[in-house]
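J.: The structure's right below; bear with me while I get my questions together.
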Amino acid sequence: MFIQVNGKKDEVPESLHTIADLLSHYGLDKKVVIVEQNGVIIDKTTHSETLLTADDQLEFVHFVGGG
Amino acid sequence: METRYSRQTLFKPIGEKGQHLLQQKHVLIIGAGALGTGNAENLVRAGVGTVTIVDRDYVEKSNLQRQQLYSEQDAFERLPKAVAAKTRLEAINSQVDIRAHVLDIRKEELEGLLKGIDLLIDATDNFDTRLIINDLTQKNDIPWIYGACVGSYGLSFTVIPKDTPCLHCLMETIPLGGATCDTAGIIAPAVQMVVAHQTTEAMKLLVNDKASLRKRLISFDLWKNEQSTIDVSSLKNKHCLSCGTKPTYPFLSFEKQLKSSVLCGRDSVQIRPSDIMTRDLQALKEQLSHLEGKVESNPYLVTFFHQKHRLVFFLDGRVLIHGTSDISEARTIYHQIIG
Ligand SMILES: [Zn+2]
C-alpha cells in the first residue's frame, strides 16, 4: 500500500497492519520516536493497536543524542 | 554609523532595535563540538553581547571535518576545545565578551553558570547532560534550544518554560544512563542544518520576537531528502516531573551517580574524582616522569602514554582514558598510576 511518510510517498508491504509494524519496518522500533498520523500524535502505548490505512499521512521524528 | 552589522540591521525583523537587544544578551552554549562551534560562530558574528562556551574535551584531528572553529595546530597541541574556540571567536569579533570553561557540565557546574543567562543552547552529545539542562532551565525559567544530529539526520526543538512541553515530556521513556550511542558517523551539512535552526530560533528569542518562534519539533534527513515537523504542544504533560505543576526535577539527583562514563564511539572512559578539585599538573608531570611511558603537556592538560592506553589529565581533576571502553579496566589503570 502507498502511504506518505515525512512528506514523501512510500510503498510499504501489505503485511504491515499497525504503527508498531511500520516503525520496525523503518528500523525505528527501538528508538524514542514521536509519531503523527493524519495530524494527530499517536500515544506510544497504542502504537501496536493503531491501524495503518492506505494514503495515511505520517510524520516520524526520532531522537538522537549526537552533537 | 557602524557598518559591521549593517546587513543584519537591514533585515527588518532585527533592525537597529534588535541589534541593540542582541548586544545586551548573554548566551550559554553547552558543548564546543560540531553544534557548539557552529552556533558560537554565528552568534559571535551576529554581535551577541556575551557568549559563554563550555566543553570537557580537547581538539583531535577527527574533529576538523565538522567542528568549524578548529585548526590542525589546535589538534596538534591538544588544546581544550573551550580554549581554542575562545581564541578563534575573539579573532572573529573582538566586541563580544567571550568566556570559556573547560568543564564537564553536571548539576553543580551548570547551576553556577546559569546566573544572568538569557538563553542556553544545547550542543552536547548525550542525553544525561541534556536532561540536567532540561531540569535546571525549568527550575530557573530559562529557555533552551535542543539540537542533535547523526549521519545526515538532525532535529531541533525550542523549550520555553511554562509555555512549551519540555524534553522530558517529549521523550517520556528516556534512556536513563545514556544507552544511546551514535556510531553512524556524521556529515558536516547535517550539523550546519541543525545549527541554522538553533541560531535562528536563538536570534528570535534574543530580539524578543517570540511570535516568530517555530513552536514545532523539526527533523530532517539531508541524504534521504526528508523533512518533518510536528506540532507537539499536546504533549505538554501537567504531571511531568520536570515541567509539570509539581516538579521534582528527577535528573538533578540522578546525576550524582555518574562518576565514570564511557564516551560514545570513542573507545574512551572518563573518570571524575568524587569531589570537584583542581589537579596540580606540574606535580603530576613530575610523578609521571618516574613511570614508564611518554609524558606530554600544555598549560591545560597532561597526556601520558602508558602501554596501549593514553591518559589525559585535566586541570579540573578529570581523566580521559583512551584505549578502553571498560569502566572497571579504566579505573584499575587510573589507580595503578595515580594510587
Ligand atoms: Zn515536561
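J.: Among the residues that make up segment B:23-39, is at least one of them within 14 Å of chain A (Cβ to nearest Cβ), assigned to a loop (DSSP other than H, G, I, E, B) and of a type in the set (K, R)?
T.: No, the conditions are met nowhere in segment B:23-39.
J.: Give me the strands (runs of 3 or more DSSP E) completely within chain A, filtered to those with at least 1 residues that are of a type outside the set (G, A, S), under 12 Å from the mean Cα position of the chain (by Cα) and buried (at least 17 other Cβ atoms within 10 Å of the Cβ), ordered by residue number.
T.: Ranges flagged: A:2-5, A:33-37, A:57-62.
J.: If B:S71 passes every condition in (1) more than 14 Å from chain A (Cβ to nearest Cβ); (2) under 14 Å from the mean Cα position of the chain (by Cα) but one, which one does it miss?
T.: Single failed check for B:S71: (2).
J.: Is there any pair with a first residue in segment B:153-170 that is closer than 17 Å to A:I41 by Cβ and assigned by TED's automatic domain parsing to the domain that holds B:L235 and a second that is within 11 Å of the ligand (Cβ to nearest atom) and assigned to a strand (DSSP E or B) whose Cβ atoms are under 8 Å apart and which are 6 or more apart or on different chains, and what are they?
T.: Sorted first by the residue in segment B:153-170, then by its partner, the pairs are B:P165/B:V159; B:C166/B:V159; B:L167/B:V159.
J.: Kindly indicate which of B:D326, B:D316 is over 17 Å from B:V102 (Cβ atoms) and acidic (D, E).
T.: Values: B:D316 fails: over 17 Å from B:V102 (Cβ atoms).
After ruling out the rest, the residue left standing is B:D326.
J.: Let me ask something additional. What is the number of the single condition among (1) farther than 26 Å from A:V32 by Cβ; (2) touching a Leu at 6+ places or on another chain (Cβ under 6 Å) that B:G293 does not meet?
T.: With respect to (1) farther than 26 Å from A:V32 by Cβ; (2) touching a Leu at 6+ places or on another chain (Cβ under 6 Å), B:G293 is out only on (2).
J.: Turning to a different aspect of this structure: Take segment B:112-153 and flag every residue that is surrounded by fewer than 24 Cβ atoms within 10 Å (Cβ to Cβ), outside any loop (DSSP other than H, G, I, E, B) and small (G, A, S).
T.: B:G112, B:G151
J.: Search segment B:204-257 for residues being in contact (Cβ under 8 Å) with a residue 60 or more places away in the chain, within 16 Å of the ligand (Cβ to nearest atom) and of a type in the set (S, T, Y), and hand back the single one that is nearest to A:E36 (Cα to Cα).
T.: Only one residue tops the list, namely B:S233.
J.: If you don't mind, there's one more thing I want to ask. Residue check, B:W223 against (1) within 14 Å of chain A (Cβ to nearest Cβ); (2) among the aromatic types (F, W, Y); (3) at positive phi, all met but one. Which one?
T.: Of (1) within 14 Å of chain A (Cβ to nearest Cβ); (2) among the aromatic types (F, W, Y); (3) at positive phi, only one is false for B:W223: (3).
J.: Of all the residues that make up segment B:148-166, how many are aliphatic (A, V, I, L, M) and more than 9 Å from every other protein chain (Cβ to nearest Cβ)?
T.: Looking only at that region, the number is 2.
J.: Just checking, which of B:N63, B:N42 is within 14 Å of chain A (Cβ to nearest Cβ), surrounded by fewer than 23 Cβ atoms within 10 Å (Cβ to Cβ) and under 17 Å from the mean Cα position of the chain (by Cα)?
T.: Values: B:N42 fails: within 14 Å of chain A (Cβ to nearest Cβ).
When all the criteria are applied, what remains is B:N63.
J.: Based on this model, can you work out whether A:T18 counts as touching a strand residue (DSSP E or B) at 6+ places or on another chain (Cβ under 8 Å) and of a type in the set (S, T, N, Q)?
T.: Against the criterion (touching a strand residue (DSSP E or B) at 6+ places or on another chain (Cβ under 8 Å) and of a type in the set (S, T, N, Q)), A:T18 qualifies.
J.: Follow-up question, since we're still on this one. Would you confirm whether any residue within segment B:271-278 is among the polar types (S, T, N, Q), modelled with pLDDT under 95 and exposed (fewer than 14 other Cβ atoms within 10 Å of the Cβ)?
T.: yes
The values are calculated or read from the model by the stated rules, or taken from the named source; none is laboratory data. This structure is a prediction, so every number in the text was calculated from the model and none was measured. When we count neighbours, we look across all protein chains shown, and the Cβ atoms used for this are built from the backbone with ideal geometry, even at glycine.
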